[in-house]
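Novice: First the structure, then my questions, so here it is.
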Amino acid sequence: MSTETISIFSPELATRFDALVTKYPVKRSALVPMLLYAQDEIGYLSDAVITEIAHRLGLTELDVRNVASYYSMLRFKPAGRYNIQVCTNICCMLRGAYDLYERFREELNIGPHGATADGLFSLEEVECIGACSWAPAIQVNYDFHDELTPDLVPGILADYRGRAQAEGSKNHA
Amino acid sequence: MPDVTFTVDGKKLTAPAGTLLIEACRKAGIEIPSFCYYPGLSLQAACRMCLVRQEKVPKLQTACTTTVAEGQIFTTESPEITQARKAMTELLLGNHPLDCPVCDAGGECELQDMTFKYGAGESLYAETKQHRNEQQWSPAVFYDRPRCILCYRCVRVCGEGMDVWALGVENRGVHSVIVPNVPGENGGGDQLDCEECGMCIDICPVGALTSGSYRYKTRPWEMNHVSTVCTHCADGCKVTLGVRQSNNGSEIVRGDNRDKSGMNGDFLCAKGRFGFDFVNHPERLTTPLLRNAAGELEPATWEDALRVAGARLKEVRDSRGGATIGVIGSNRTTNEENYLLQKFARTVLATNNIDHERTTDYAAFACALAGHPGKTAGLREIPSAPAILLVGGNPTDEHPFLAWQLRTNVRLNKARLYIANSRPIKLERQAKLTQELPPGGYWRLAAFLDAGQSDFSKAILAEESLIVIFGEEFRGPAVESLIAWGLKRANVRFAYLGDHANSHGAADMGLFPDLLPGYVPVTAPGPFAEYPNLPAAPGKTLPQMLDVANGGLGALLVVGANPVTRREVDLAALQNTFLIVQDLFLTETAALAHVVFPAASLYEKSGTVTNTFGDLQMVRKASDRAGAKPDFEILVRLAGAMGEEVKKLVPFGRGAMTADLGQSRGAQAGEADRHAVWLEANGLEPRLSPFDPFAVLDEIERLVPGYKLDRMNLMTGNDVRTEVAPTQPATASAIGGEDLIVPAHDTLFTSSTLGRYCSGLNEIEAHQTREHAEAAAD
Ligand code: SF4
Ligand code: SF4
Ligand code: SF4
Ligand code: FES
Ligand code: FES
């Protein structure tokens, strides 16, 4: 079964998956990239995502869940449209990452892995994101912001709110 | 692989090159501790308990993945290794709860043993333990997360061994847990949709996986452990029953494979492992019942019930003749009981009207193989046969142990499994080739193979040695043609599948109207000519006995069977019949009886049973149910109540042997004991009781063709081979056998009438039905 008849993914992604599964000596090698791409498109690994990926790779859903749950960057619940990932590893921590993190919590009024009521933001602590030289750093979806102080937090949030408005109500998930 | 020589702890050992060090050591009696290593499963190397030092290798090596080669030198015990193992144990204990005093595994826990051996009584970890609540995954399987040491044995046995793949590992590092395959509310698995075999529970080295039927009930050392044979399907797995005293006899609290000594090793299916609770079912009969003047069954004493039944049987026999009495035997009682039953019918009741509920055509099988000894295959041989042809049936459901053996053979030895079936079955996943047959097209199989047209038949014809496994789809002439096909070829052997624990034994012991034990025709009784009063003409079959058109019988004795539930039976046939039933429960048949005797189950008596492959094993009495008696004893007492000389029926206390049962005094003290020791050593133990089934086993060995048993092996608890009719000329018939066969088609959680009283199995079945309904709705 190379092509799914009814896919929950966009036609582009479905085509990409069709190609991906033929690329490796064993199909299941495509699992991790597929999970990542699926999450980028759908927002999280919903039951439907897991079912379809399992089907595409000839795995059990249990297999897919087992692999997915290993990686902390894969999630099973929807995140906000802008997922704020605050690095709290050693360099960032020494340079005030927790103050930064607390400030985000206060501003957004959400806890770890929580999402705001409007679905715009979610917040999590992450391990080193490779921006140590510019610590403390955060990653919002795929954008980096570095050498931050808590004072810069409201500005960052306002910036994303503005962006969201500009893009209209086109919803992420 | 050529043998290589290597040194372990200064000892020179030899093993084939490539053998795992841990296995080579075990064979030589050097034990290397292990948690994740399990023979027959893939290697995991996760626990690091098996670390050993190999000379010239800088780091300690895992013995479970090191293969032996010429000249290697290993050390398995040294202060360094002890320290390493102690450290591993300490890591495992880092998050392990200290609940050994209440844990099911306490007393038989591998982690407990290792901690005891290597110390690690103190921990350097100050972190708080991560507690997580216990989960119930199904009625059979519970999981206590903090106790898990992540050895992955359960995951592998379920996937590789059972081919179910219901278990996996979720999360990472210290957060890792084993999860079942049905996700719950929060994404993580929390329910099982599987075959509920309980293999994962038994293979768990600690108390992380526990069983619904046993958990928190008792401790291992408070039970007696008795190895006997499973009472459900016809594969005959050895099962160890854990038994505890209770106020109405004793209670079976656990079924497992404690000593792994049977041919099933560590395998048991849900029925063998959990299907023992019928013995304690509240509806269990514990007193005889007599129909009173008002027409109702009421409790009676054994004396009264026996007197009434005996008198009536005698009266019918003497006034109307033995031909008006019928006897229906059981697929679950022992060989000795079946033998005794037919002997009782033929010599005491003077009738050949004896039959049983046939689930397959063993008579045709025996007849087709007559004169060709050595052509049947035992269940032990399945996991090493190079090629197997499986025709019809669905062993995964109906013969779970056979299915396990087949999978094991394919997995470990790359055996070639060929499947011909009219419907898809799960074992096809292991098959090299499959062939769809039209339903009802089985009888043409031999011709189809001979034609050699398809890839399937070509592959079969190219096999140099083959075991053909088939079942009730073949009856009468179809059995004959398939066997004739195999006999033409040099290395073809057969196994024939029936249902229930001793259906093969029932057939072998002559529960047929026209065949004596060993399929000897009643018309040419051969060794059985010594039976007094043996009627010369064949009797009635089961449907004939229960056929109104036949005018009804004067009396009918039913032992451990429930024939009135059969489709063709019209209850009017029993209107004027005096019905005597021996059973565990008030079944539909027992409810119609005039006298009901409460019978002991297979777990409450001794004797032997023969599985469908012809492997004979000893059944040992595990528990006791006050009030019930073994069918053997009931029959002997019934004969006694009829005024018969019991000694003619059961050859007990024969010959010049006079034992004083330890009562002698003075100079002769102990003489009898010494004598008994000598007799026993020579396989001649004195049968002192008329209720001793082994007295009848002696007679079976003496008279029944094909039952020349390897006593030494049998008595030590092993399975021994029997042969069907090895020398008889092919004259057997079992009148119209084909139409009499009603296969049970039991599933993994059903066991015909008996299954209804296995509450645990019923719960499991309800759970599985629910899981499937939900899966279908999604
Ligand atoms: S009970 Fe058997 S089938 Fe079910 S998870 Fe355990 S091993 Fe697998
Ligand atoms: S549940 Fe038992 S068998 Fe399974 S990984 Fe944990 S400790 Fe091992
Ligand atoms: S496979 Fe058959 S004999 Fe073995 S445990 Fe299951 S029901 Fe009993
Ligand atoms: S520690 Fe924060 S980016 Fe490396
Ligand atoms: S037994 Fe070798 S690592 Fe577990």
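Novice: Would you kindly give the portion of the calculated P(r) for the stretch A:1-159 that falls above 26 Å, as a percent of all Cα pairs?
Specialist: Result for the distance tail: 38 percent.
Novice: Rounded to the nearest 0.05, what FRET efficiency do B:Ala447 and A:Thr22 have when you use their Cβ-Cβ distance and R0 = 45 Å?
Specialist: That gives a FRET efficiency of 0.55.
Novice: Do any GluC sites (Glu not before Pro) in the stretch A:73-173 lie in a DSSP loop with no more than 15 other beta carbon atoms within 10 Å, and if so, which?
Specialist: A:Glu127, A:Glu147, A:Glu167
Novice: Give the share of C-alpha pairs in each 5 angstrom bin for the stretch B:375-496, from 0 to the last occupied bin, in whole percents, shortest bins first.
Specialist: Per 5 Å bin, starting at zero, the Cα-Cα P(r) for the stretch B:375-496 comes out as 2, 11, 24, 28, 22, 11, 2, 0 percent.
Novice: Within the set B:Lys314/B:Lys375; B:Lys432/B:Lys621; B:Lys271/B:Lys375; B:Lys426/B:Lys458, which residue pairs have Cα atoms separated by over 32 Å?
Specialist: Long pairs (Cα-Cα over 32 Å): B:Lys314/B:Lys375; B:Lys432/B:Lys621.
Novice: Between B:Gln136 and B:Arg172, what length comes free when the chain is fully extended (0.36 nm per residue of separation minus the Cα-Cα distance, one decimal in nm)?
Specialist: Taking B:Gln136 through B:Arg172 to full extension adds about 10.8 nm, to one decimal.
Novice: In the structure shown, do any of B:Lys217/B:Lys238; B:Lys238/B:Lys260; B:Lys117/B:Lys217 have a Cα-Cα gap over 18 Å, and if so which?
Specialist: Pairs exceeding the cut-off: B:Lys217/B:Lys238; B:Lys117/B:Lys217.
Novice: Give me D for the stretch B:3-77 in µm² s⁻¹, whole number, from Stokes-Einstein with Rh from the Kirkwood sum over alpha-carbon pairs, 4 °C and 1.567 mPa s.
Specialist: 107 µm²/s
Novice: Per 0.36 nm of contour for each residue apart, how much would the distance between B:Lys414 and B:Ser454 grow if the chain were fully extended, relative to their Cα-Cα spacing?
Specialist: 12.2 nm
Novice: How about the stretch B:242-318: which GluC sites (Glu not before Pro) there lie in a loop by DSSP and see at most 15 other Cβ atoms within 10 Å?
Specialist: B:Glu283, B:Glu296
Novice: Averaging the inverse of every distinct alpha carbon separation and then flipping it gives the Kirkwood radius. What is it for the stretch B:221-320, in angstrom units?
Specialist: That comes to 16.7 Å for the stretch B:221-320.
Novice: Among B:256-262, B:96-102, B:344-350, what's the highest-first ranking by average C-beta atoms within 10 angstrom per residue?
Specialist: Listed from highest to lowest mean packing, they are B:344-350, B:256-262, B:96-102.
Novice: Something else about it: Label the stretch A:11-70 by shape, choosing from rounded, prolate and oblate, from the square roots a ≥ b ≥ c of the eigenvalues of the Cα gyration tensor; if a/c is under 1.5 it is rounded, and otherwise prolate applies when a/b is larger than b/c, oblate when it is not.
Specialist: oblate
Novice: Work through the residues other than B:Asp450 whose Cβ is under 13 Å from its Cβ and net out their charges, Lys, Arg +1 and Asp, Glu -1.
Specialist: With Lys, Arg at +1 and Asp, Glu at -1, the neighbours total +4.
Novice: Quick check on packing: order B:192-205, B:121-134 by the mean number of other C-beta atoms within 10 Å, highest mean leading.
Specialist: Highest-to-lowest ranking by the protection proxy: B:192-205, B:121-134.
Novice: Run through every distinct alpha carbon pair of the stretch B:311-462 and return the Kirkwood hydrodynamic radius in angstroms, one decimal place.
Specialist: With all distinct Cα pairs of the stretch B:311-462 included, I get 18.9 Å.
Novice: Round to the nearest 0.05 the FRET efficiency obtained for B:Leu714 and B:Asp259 when R0 = 22 Å and r is the Cβ-Cβ distance.
Specialist: Plugging the Cβ-Cβ distance into 1/(1 + (r/R0)^6) gives 0.85.
Novice: Alpha carbon centre of the stretch B:190-252 versus the stretch B:130-183: separation in Å?
Specialist: Here the two parts' Cα centres lie 19 Å apart.
Novice: What FRET efficiency would be calculated for the residue pair A:Arg163, B:Lys217, taking the C-beta separation as r and a Förster radius of 41 Å, to the nearest 0.05?
Specialist: It comes out at approximately 0.05.
Novice: Can you list the aspartates and glutamates whose alpha carbon is less than 17 Å from that of B:Lys629, not counting same-chain residues fewer than 8 positions off?
Specialist: Cross-link targets: B:Glu251, B:Glu283, B:Glu303, B:Asp304, B:Glu336, B:Glu337, B:Asp583, B:Glu604, B:Asp692.
Novice: Could you tell me how many degrees, from 0 to 90 and to the nearest 10, lie between the Cα long axis of helix B:302-320 and the main elongation axis, the longest principal axis, of the Cα atoms of chain B?
Specialist: 50 degrees
Novice: Is there a simple number for the mean count of other chain Cβ atoms within 10 Å of the Cβ of residues in A:60-72, and what is it?
Specialist: 6
Novice: Over the protein assembly as shown, what per residue volume does the convex hull of the Cα atoms give, in whole Å³?
Specialist: 234 Å³
Novice: Be a star and scan the stretch B:568-596 for residues whose amide nitrogen sits under 15 Å from the point 7 Å along the Cα-to-Cβ vector of B:Asn248.
Specialist: B:584-586
We did not get these values from a lab; they are worked out from the coordinates using the rules stated. Everything numeric in this text was worked out from a predicted model, so none of it was measured. Cβ sites come from the backbone with ideal geometry, for glycine too, and all protein chains shown count toward neighbours.
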